[in-house]
1. With the condition being among the β-branched types (V, I, T), I'd like the helices (runs of 4 or more DSSP H) fully within segment 132-226 carrying at least 2 qualifying residues.
2. Mind checking which residues of segment 35-52 are of a type outside the set (S, T, N, Q) and farther than 21 Å from G246 by Cα?
3. For residues that are closer than 26 Å to A271 by Cα, without any contact (Cβ under 8 Å) to a residue 12 or more places away in the chain and of a type in the set (D, E, K, R), tally how many sit in segment 154-212.
4. Select, from R283, R191, the only residue that is surrounded by 14 or more Cβ atoms within 10 Å (Cβ to Cβ), farther than 19 Å from T45 by Cα, modelled with pLDDT under 90 and of a type in the set (D, E, K, R).
5. Name, by its number, the condition in (1) under 24 Å from L73 (Cα atoms); (2) modelled with pLDDT of 95 or more; (3) not charged (D, E, K, R) that does not hold for P243.
6. Exactly one condition in (1) touching a helix residue (DSSP H, G or I) at 6+ places or on another chain (Cβ under 8 Å); (2) surrounded by fewer than 22 Cβ atoms within 10 Å (Cβ to Cβ) is false for H127; which is it?
7. Look at S61 and say whether it is surrounded by 14 or more Cβ atoms within 10 Å (Cβ to Cβ) and either modelled with pLDDT of 95 or more or of a type in the set (S, T, Y) (or both).
8. Hey, does segment 82-95 have a residue that's over 29 Å from E214 (Cβ atoms), surrounded by 20 or more Cβ atoms within 10 Å (Cβ to Cβ) and at pLDDT 90 or above?
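The values are calculated or read from the model by the stated rules, or taken from the named source; none is laboratory data. Note that this is a predicted model, so its numbers are computed, not measured. With ideal geometry, Cβ positions are generated from the backbone for all residues, glycine too; neighbour counts draw on all protein chains shown.
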Amino acid sequence: MAVCVELGIISVEMATQLIVNADDFGRSASVNAAVGRARREGILTSASLMVTGGAADEGASLARETPGLAVGLHLALSRRDPIRAALRYYFHRAARRRLEPEVEAQFEAFARTGLQLSHVDGHQHLHAHPAVLPVVIELAVRYGAHGIRIPREPLWPNLRADRSRPAYKLVTALGQAYLSIVCRRLVRDGRLVTCNAVIGGLMSGGMTDSYVIEMLKRLDCRSIELYFHPAEPGNCKTDPFGPNPGDLEALLSHDLRRFVSEKGFELTNYAGLKRRQEGAHARR
């Protein structure tokens, strides 16, 4: 783990920064309740608001009442089939013409909440699509975001941590690798910060505490984003790749909290990530 120990004290400047995010905030009341609880009782540091969700207004209100919860924008650019949407953005000029007003409308809807825009990511990672990302970056900078999620999920550590879903993981990791190359080119000017690794997609809907701990043991980098899809049980419609009570259990896990503390991770958000990177540049 990328930590520096001096006289038994972990240097804050060298500790691995860990962003713990909840996606689909605002999708439903059960997701909103889970986000609030994971912030109050667990290790959650931020959430991504789906402004098109049925409970977006409630989510924004909850965020304003939840100290320390950073909130970003979770762009929703497809309903059911991300592959079909991705192909449409590639090959249909009319779809691309409609894209910019839709993306800007979601940024504007977030701005109307009065919340500070922490970061930007997207449902099914469509924000990182080559035809979408330039529009997203321009608007993210204009609306004051600190960072953006780039899908960078290592496959082999993932398979060693959990051997389930091998075919799904392989296909997803290959798609993410391509998107990561495109994204790195477009965000290299430093206006938006990114994490070295992002964990959550290959085990979407199944982020147990034991899996997360095993992944954190296998990563050696300066910044990591973990993203979950938590929902309260009961009224939650279980989704094998989306909101689920299991992700909430992981966020509330005493074992995971203890591991993060003992290994000296710095729990933060994209604003904290940007402060450290700007500080590092200033010292050069």
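1. Working: elements: 133-142, 155-161, 166-186, 209-218.
Hits in segment 132-226: 133-142, 166-186, 209-218.
2. Start the filter on segment 35-52 by keeping residues that are of a type outside the set (S, T, N, Q), which leaves 35-44, 47, 49-51.
Within segment 35-52, just V51 meets the criteria.
3. Summing the residues that are closer than 26 Å to A271 by Cα, without any contact (Cβ under 8 Å) to a residue 12 or more places away in the chain and of a type in the set (D, E, K, R) in segment 154-212 gives 3.
4. Details: R283 fails: surrounded by 14 or more Cβ atoms within 10 Å (Cβ to Cβ).
One residue alone meets the criteria, R191.
5. (2)
6. Here H127 clears every test but (2).
7. Numbers: surrounded by 14 or more Cβ atoms within 10 Å (Cβ to Cβ): no; either modelled with pLDDT of 95 or more or of a type in the set (S, T, Y) (or both): yes.
No; evaluated as a whole, the condition is false for this residue.
8. Taking every residue of segment 82-95 in turn, none turns out to be over 29 Å from E214 (Cβ atoms), surrounded by 20 or more Cβ atoms within 10 Å (Cβ to Cβ) and at pLDDT 90 or above.
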